[in-house]
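These notes are about the structure you will find just below.
The values are calculated or read from the model by the stated rules, or taken from the named source; none is laboratory data. Keep in mind that this is a model prediction, so the values were computed, not measured. Using ideal geometry, Cβ is built from the backbone for each residue, glycine included, and neighbour counts are taken over all protein chains shown. The protein model used for the area step is the full one, side chains on, heavy atoms only, and it has no ligands, DNA or RNA in it. Shrake-Rupley method; radii C 1.70, N 1.55, O 1.52, S 1.80 Å.
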Amino acid sequence: MSDGIEEAVGESSSPGRLDRRSLRPGRDRVVPSWTDRLAAQASRPFGGPLGEHAVVGRHWFWTPLRVVLLLATFTLVLGWFAKAPCLQEYADGSGLAQLDWRNDRQYYSMCYSDTVPLYTAERLHENGFPYRTSWIDNAGTEHEQVRYMEYPVLTGLFQWFNAQLAQAWIAAAEAGWLPGALTVVVYFDITAFWLALAWLVAVWAVVRLRPGRPWDAVLVAISPIVAVHVFTNFDALAAGLATAGMLAWARRRPELAGLLIGLGGPANLYPLFSPGPLPLLSPRAPRLTPAGPAAPPAPPPSPCRPPAPSPAATPSRWCAPARWVWSRWRCGRWSRWILCRCSRSRGYPGRCVRQCSGR
């Protein structure tokens with residue numbers, strides 16, 4: 001019993017009784033000020049590195065998870081304010097409110113977000129259902145093309161759902177029940193709300209993935225890239241699903257991992273690369289199943305596969321996002337290569353992009 005008492009950290013509630021409520025630094029939790037020189041130096045203004053007999057894990061509210069989520073929320077708030085200049089309105093010559101993107105404001109204010117132009121570009125303002133609604137680009141030219149929603153299935157339905165909420169909000173605002181704004185601004189705010197929740201899920205999963213090193217998740221929570229781009233597109237949705245899938249795998253729930261990663265696939269492409277390394281880890285974790293080595297996660301659904309049968313869900317329409325991505329890759333329409341291509345062509349990059357994409 002005396003050996004157990006010596007290992008306990010903190011004062012015991014009674015002689016000869018272990019203090020089970022405290023974590024043991026160095027064993028239950030890695031202490032950054034012990035293992036990282038930078039953290040040790042940064043801790044000096046606050047009393048220096050953690051003491052050997054310090055009581056850890058006893059605070060009633062400010063757990064590492066809550067601190068990291070608070071930091072992530074602060075970063076998300078900064079991300080929203082970074083996009084706020086692109087949500088301003090002005091009155092045109094007819095006195096109607098318009099979105100103030102005059103003189104390329106979205107670029108020189110560095111607040112561009114795909115969410116705003118896609119509201120009309122994807123015909124969401126016309127109550128069009130993704131992959132059922134179509135439109136024609138370059139009508140009457142040799143590049144005439146029938147277009148559908150250019151995003152994967154889950155992201156396309158996500159946009160449509162948010163558009164419906166935005167239009168319902170505007171209807172309630174016109175009735176005097178809610179504050180009003182341009183529909184596209186309400187659409188952006190609703191989309192940003194769900195994306196923020198998805199990113200908080202990703203941060204939560206990162207904390208849970210490393211219970212002994214929860215502070216490592218701060219690198220994710222306060223990433224400058226998040227502050228700049230979390231609301232630029234819809235990637236946070238796939239990131240939340242993929243990271244939650246990794247957590248399910250780490251907790252020996254391969255079926256749930258396959259489901260979450262499979263849902264991440266129709267949200268974006270990169271979660272589909274996650275199952276690749278996982279089967280390679282199965283021989284190293286034979287305890288996942290009592291009968292043998294761990295089973296790999298369930299195969300993810302194809303991004304072209306609809307989540308439910310629909311009379312409008314023809315393969316050509318559901319696979320439109322994949323064809324669109326392929327056309328961009330084939331003509332080299334990527335940030336790294338577009339400068340090389342356009343440097344050998346006449347005209348500014350925008351002209352080169354239109355020539356490459358047929359627009």
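Quick grid of which residues meet (1) in a helix (DSSP H, G or I); (2) modelled with pLDDT under 90; (3) open to solvent by less than 90 Å² (accessible area, probe 1.4 Å):
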| site | (1), (2), (3) |
| --- | --- |
| Pro45 | yes, no, no |
| Glu52 | no, yes, no |
| Arg58 | no, yes, no |
| Arg66 | yes, no, no |
| Leu70 | yes, no, no |
| Thr75 | yes, no, yes |
| Gly79 | yes, no, yes |
| Lys83 | yes, no, yes |
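What do you reckon, is Tyr112 closer than 29 Å to Ala198 by Cβ and aromatic (Phe, Trp, Tyr)?
Here the answer is yes, as Tyr112 does meet what is asked.
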**Request:** Of the conditions (1) among the polar types (S, T, N, Q); (2) under 27 Å from Gly264 (Cα atoms); (3) surrounded by 14 or more Cβ atoms within 10 Å (Cβ to Cβ), Asn127 clears all except one; give me its number.
**Result:** (3)
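Just to be sure before I move on: is Met110 surrounded by fewer than 16 Cβ atoms within 10 Å (Cβ to Cβ), touching a Pro at 6+ places or on another chain (Cβ under 9 Å) and farther than 14 Å from Tyr187 by Cβ in the structure I sent?
Yes.
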**Message:** Would you confirm whether or not region 140-155 contains a residue that is assigned to a helix (DSSP H, G or I), closer than 30 Å to Leu78 by Cβ and β-branched (Val, Ile, Thr)?
**Reply:** yes
**Request:** Could you tell me whether any residue of region 229-244 is farther than 30 Å from Gln106 by Cα, in contact (Cβ under 8 Å) with a residue 12 or more places away in the chain, out of contact with any Lys or Arg (no Cβ under 8 Å at 6 or more places or on another chain) and of a type outside the set (Gly, Ala, Ser)?
**Result:** yes
**Message:** Just to check your reading of the model, which residue among Ala166, Ala198 is touching a residue at least 24 places away in the same chain (Cβ under 8 Å), open to solvent by less than 40 Å² (accessible area, probe 1.4 Å) and touching a Gly at 6+ places or on another chain (Cβ under 8 Å)?
**Reply:** Ala198
**Item:** Number of the exception - Ala257 against (1) in a helix (DSSP H, G or I); (2) open to solvent by 10 Å² or more (accessible area, probe 1.4 Å)
**Value:** (2)
**Asked** Taking region 173-190 as the region of interest, how many residues are closer than 14 Å to Leu99 by Cα, of a type in the set (Val, Ile, Thr) and in contact (Cβ under 8 Å) with a residue 24 or more places away in the chain?
**Response** 3
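Can you tell which of Tyr90, Tyr112, Tyr119, Tyr107 is in a helix (DSSP H, G or I) and in contact with a helix residue (DSSP H, G or I) (Cβ under 9 Å, 6 or more places away or on another chain)?
Numbers: Tyr90 fails: in a helix (DSSP H, G or I); Tyr112 fails: in a helix (DSSP H, G or I); Tyr107 fails: in contact with a helix residue (DSSP H, G or I) (Cβ under 9 Å, 6 or more places away or on another chain).
Of Tyr90, Tyr112, Tyr119, Tyr107, the one residue that is in a helix (DSSP H, G or I) and in contact with a helix residue (DSSP H, G or I) (Cβ under 9 Å, 6 or more places away or on another chain) is Tyr119.
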**Output for region 134-152, where each listed residue is surrounded by 16 or more Cβ atoms within 10 Å (Cβ to Cβ) and touching a Ser or Thr at 6+ places or on another chain (Cβ under 9 Å)** = Arg147, Tyr148, Met149
